[in-house]
Amino acid sequence: MMQELRFITYSSYVSLYIVHVFISSEFLSYLLGCIGMIALLFSVAGANRTYQILAVFFFTVSAGLFFAYELPWREVPVYFTSMALLLSLLYMIPFINHFMIVGRFERSLYRLLQAKTTNLAQFYRRTSLTHYVLGLFIFLSAIPLVYRFVQQRLTGFSDKTFHRFAVQSMLRSFASVNVWSPIEVYIALVIGITSVSYLHLLPWLLGFSGAMLMLDWLLASFTYKHISLKEKQPAPMFTKKEIRKLVLMGVFLVLFIGTAASLHLWLGLDFFEAVIISVLPYTTLWALLIKRHKVFFRYNVLTWPQQMKTMQNFMLLFLVLGLFNDIVKKTNIFAKFQEPLAFIGETPLLLLLVLQVSALGLACAGVHPLVTISMQGLFVEPFLQEINPMSIAIVMITGTLANDAAGTFNVPITMMSQYMKRNPYQLTFWNLPFALIFGGTGVMLGYFLL
């Protein structure tokens with residue numbers, strides 16, 4: 001029963017937000033906030049313990065500020081609308097994941113992994129590229145899929161060699177692709193804070209992503225080239241059909257970004273609003289074109305209960321973070337700290353370094369990236385008029401997504417540590433140099449654009 005109520009409430013919240021995108025109305029905004037409050041109540045019980053603790057902490061602080069500053073009660077529902085874009089994005093993203101699975105596109109990528117290789121450096125590049133592409137389309141679901149194949153292929157190697165190889169080849173490429181992904185929630189959150197256009201950021205983020213991927217492959221050639229890899233069985237042929245599938249994946253992505261960009265420019269929407277509106281009709285149309293629409297529909301129905309469980313965690317955290325951010329802005333409580341920190345505006349490089357170091361440091365201390373970005377957003381707000389917002393956006397994005405490779409308590413490291421039965425700090429140690437280079441290069445790029 002509770003699962004059905006969550007489904008109805010979450011779907012109503014997202015649907016009403018999409019309507020509100022086209023029809024700006026105070027009544028709709030208020031109604032959206034009321035549904036958000038109900039969604040919050042339905043999300044508490046059964047949510048992941050980490051999300052519950054974070055939600056209780058930020059809700060308590062928010063309530064304390066609300067009563068201390070005697071804010072009006074009539075505005076309370078509006079505080080639950082500020083994260084509607086991000087929640088709607090999270091709600092719609094799985095349709096792309098499901099399309100890729102029912103279209104069997106990942107099988108063609110596995111053929112690429114199975115192609116003949118003579119040493120670990122070659123296999124590293126294949127693994128990295130495969131996880132880069134899969135991570136773009138099916139996100140965290142790519143980790144167990146690629147991990148199992150690497151485990152099978154590296155049978156006979158020591159656990160340390162296999163584990164380090166898997167962590168480096170998979171998570172570094174995952175960080176590199178997510179830094180520009182048009183459906184990455186962290187990017188949407190940063191853009192909401194800085195008001196920078198995603199399309200203006202995209203060329204820089206794409207170049208950064210490519211450079212990090214090439215750098216990782218170069219580093220891997222020094223580490224793994226001398227380790228030979230014997231074929232256990234003849235490598236399967238890479239057929240024309242599989243090549244067409246890979247080409248089709250590229251076309252799917254390019255047309256998706258083009259569709260969202262066209263709606264963004266034509267209708268005057270935020271880019272991520274255009275993404276939210278595009279996802280369902282776009283994936284459904286593609287499922288029809290490849291004649292997998294019936295399977296696509298059934299798969300969405302079958303996986304929806306698990307999707308609601310994940311969505312429950314995000315609803316709980318995002319709604320409370322939105323409440324916290326809005327109340328902090330309303331009370332202007334950070335104003336007393338702005339004057340002592342004014343010197344940072346005169347030293348932009350210092351601000352960029354603080355953003356980068358805090359993103360990685362807080363992740364290693366167990367602070368969720370969504371919380372870190374929200375706190376950074378409140379911190380940088382006074383400086384957005386003095387320092388190029390694009391520079392700040394790039395550093396916030398690259399600093400946060402470096403944690404996909406090395407953040408000790410981020411989901412990718414947590415998943416890998418569970419598979420390997422290793423301390424997550426060991427995995428962080430293997431990727432920390434790359435994460436520092438990743439974040440440091442982001443700072444240099446941001447500084448260049450000042």
(request) Scan region 183-221 for residues that are more than 20 Å from Ser374 (Cα to Cα) and not aliphatic (A, V, I, L, M) and report the count. (result) 10
(message) Any residue at all in region 243-261 that's more than 22 Å from Val190 (Cα to Cα), small (Gly, Ala, Ser), loosely packed, with under 13 Cβ neighbours inside 10 Å and out of contact with any Leu (no Cβ under 8 Å at 6 or more places or on another chain)?
(response) yes
(message) Return the pair list, or none, for Cβ contacts closer than 7 Å from residues in region 41-58 that are in contact (Cβ under 8 Å) with a residue 24 or more places away in the chain and over 10 Å from Met315 (Cα atoms) to residues that are open to solvent by less than 50 Å² (accessible area, probe 1.4 Å) and not in a helix (DSSP H, G or I), at least 6 apart or on different chains.
(response) Leu54/His368
(message) So for region 3-19 (the condition being free of Cβ contacts under 8 Å to residues at least 40 places away in the same chain, in a helix (DSSP H, G or I) and basic (Lys, Arg)), does at least one residue qualify?
(response) no
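Looking at region 42-61 only, could you name the residues that are of a type outside the set (Phe, Trp, Tyr), in a helix (DSSP H, G or I) and within 25 Å of the chain's Cα centre (by Cα)?
Step one: of region 42-61, the residues of a type outside the set (Phe, Trp, Tyr) are 43-50, 52-56, 60-61.
Filter once more, so that each one left must be in a helix (DSSP H, G or I): 43-44, 49-50, 52-56, 60-61.
Result: Ser43, Val44, Arg49, Thr50, Gln52, Ile53, Leu54, Ala55, Val56.
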(request) Report, ordered by the first and then the second residue, all pairs with beta carbons closer than 9 Å, sequence separation of six or more or different chains, a first member in region 263-278 that is at positive phi, and a second member that is open to solvent by 10 Å² or more (accessible area, probe 1.4 Å). (result) none
(request) List the helices (runs of 4 or more DSSP H) that sit entirely inside region 337-450 and contain at least 3 residues that are at pLDDT 85 or above and open to solvent by 30 Å² or more (accessible area, probe 1.4 Å). (result) 348-364, 424-448
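Gly322: under 30 Å from Gln3 (Cβ atoms) and assigned to a helix (DSSP H, G or I), yes or no?
Numbers: under 30 Å from Gln3 (Cβ atoms): yes; assigned to a helix (DSSP H, G or I): yes.
It is true that Gly322 is under 30 Å from Gln3 (Cβ atoms) and assigned to a helix (DSSP H, G or I).
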(request) Residues being crowded, with 22+ Cβ neighbours inside 10 Å and small (Gly, Ala, Ser): count how many of those fall in region 189-202. (result) 0
(request) Tell me which residues, restricted to region 87-105, are open to solvent by 10 Å² or more (accessible area, probe 1.4 Å), farther than 18 Å from Ser181 by Cα and of a type outside the set (A, V, I, L, M, F, W, C). (result) Arg104
(request) Go through region 224-243 and give me each residue that's at pLDDT below 75 and among the hydrophobic types (A, V, I, L, M, F, W, C). (result) Ala235, Met237, Phe238
(request) Scan region 211-224 for residues that are open to solvent by 10 Å² or more (accessible area, probe 1.4 Å) and over 18 Å from the mean Cα position of the chain (by Cα) and jot them down. (result) Ala211, Met214, Leu215, Trp217, Leu218, Leu219, Ser221, Phe222, Thr223
(message) If I go through region 40-80 residue by residue, how many of them are open to solvent by 30 Å² or more (accessible area, probe 1.4 Å) and polar (S, T, N, Q)?
(response) 4
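The values are calculated or read from the model by the stated rules, or taken from the named source; none is laboratory data. On a predicted model such as this, the values are computed, not experimentally measured, just so you know. All Cβ positions, even for glycine, are placed from backbone atoms using ideal geometry, and neighbour counts span all protein chains on display. These area figures cover heavy atoms from the full protein model, side chains too; ligands, DNA and RNA do not enter into them. Shrake-Rupley method; radii C 1.70, N 1.55, O 1.52, S 1.80 Å.
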